[in-house]
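Trainee: Have a look at this one before I ask anything.
Bear in mind these aren't lab numbers, they're just calculated from the coordinates by the rules spelled out. Note that this is a predicted model, so its numbers are computed, not measured. No Cβ is skipped: glycine too gets one built from the backbone with ideal geometry, and neighbour counts run over all protein chains shown.
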């Protein structure tokens, strides 16, 4: 009984192997299209042919250089966010707004931002990346400050601290934009 099962398995393997060979034979039997080469000038009976040069194209960046460029940007962005987190007034911006402490926040603010979420997006390995330029990062951080000013009373202490921090962060971005030019 076992002998018959083994023989059946061998036959099945041979059939599938032969099917694979047939597919490969079909691929090999179709010749690749050949491009004619021009004759060399002055020698019409010559059997030598020179290859036609194709117009030069700009080479695209290799995947390795794009990857290294992305890593370099990530390092710059992470350093920038760490500098912002170290600011003396950064504590309200480190974590997302708690629904318990501000129940109406998400009714008023449609794009909530916080430093933890922005840092997570910078470190995330997605294609395309959430942030490719320092300007994109700056936009979201400034949106975070604008959300704070919009949600809180404009004459409150938190708004004054936010405006002060926003000014300091804008100066930080000027430095990091110069670093991006070196990318």
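Trainee: Is region 135-183 best put as rounded, prolate or oblate by its Cα gyration tensor, with a ≥ b ≥ c the root eigenvalues, rounded for a/c under 1.5, and otherwise prolate when a/b is larger than b/c, oblate when not?
Mentor: Oblate.
Trainee: Would you mind computing, in nm to one decimal, how far apart the modelled labels at residue 102 and residue 168 are, each placed 7 Å from Cα along Cα→Cβ?
Mentor: Those two pseudo-labels are separated by 1.9 nm.
Trainee: What FRET efficiency comes out for the pair residue 175/residue 85, r = Cβ-Cβ distance, R0 = 22 Å, nearest 0.05?
Mentor: For R0 = 22 Å, the calculated efficiency reads 0.85.
Trainee: Going by the alpha-carbon gyration tensor, a ≥ b ≥ c the square roots of its eigenvalues, is region 63-181 rounded (a/c under 1.5) or, if a/c is not under 1.5, prolate (a/b greater than b/c) versus oblate?
Mentor: prolate
Trainee: Could I have the simple spin-label model distance between residue 110 and residue 158, label points 7 Å from Cα toward Cβ, reported in nm to one decimal?
Mentor: 2.2
Trainee: Taking other Cβ within 10 Å of each residue's Cβ, how do 108, 148 sort, fewest first? Display every interim value, and only then the final one.
Mentor: On the way: 108 11, 148 22.
Ordered from fewest to most neighbouring Cβ atoms within 10 Å, 108, 148 come out as 108, 148.
Trainee: What's the exposure ranking of 131, 105, going from fewest to most Cβ atoms within 10 Å? The partial results should precede the final answer.
Mentor: Values: 131 19, 105 15.
Fewest-to-most ranking of 131, 105: 105, 131.
Trainee: Just subtract the alpha-carbon distance of residue 135 and residue 68 from 0.36 nm times their residue separation and send over the number in nm, one decimal.
Mentor: Taking residue 135 through residue 68 to full extension adds about 22.2 nm, to one decimal.
Trainee: A further question on this structure: When 106, 87 are ordered from fewest to most other Cβ atoms inside 10 Å of their Cβ, what list results?
Mentor: Going from sparsest to densest Cβ surroundings: 106, 87.
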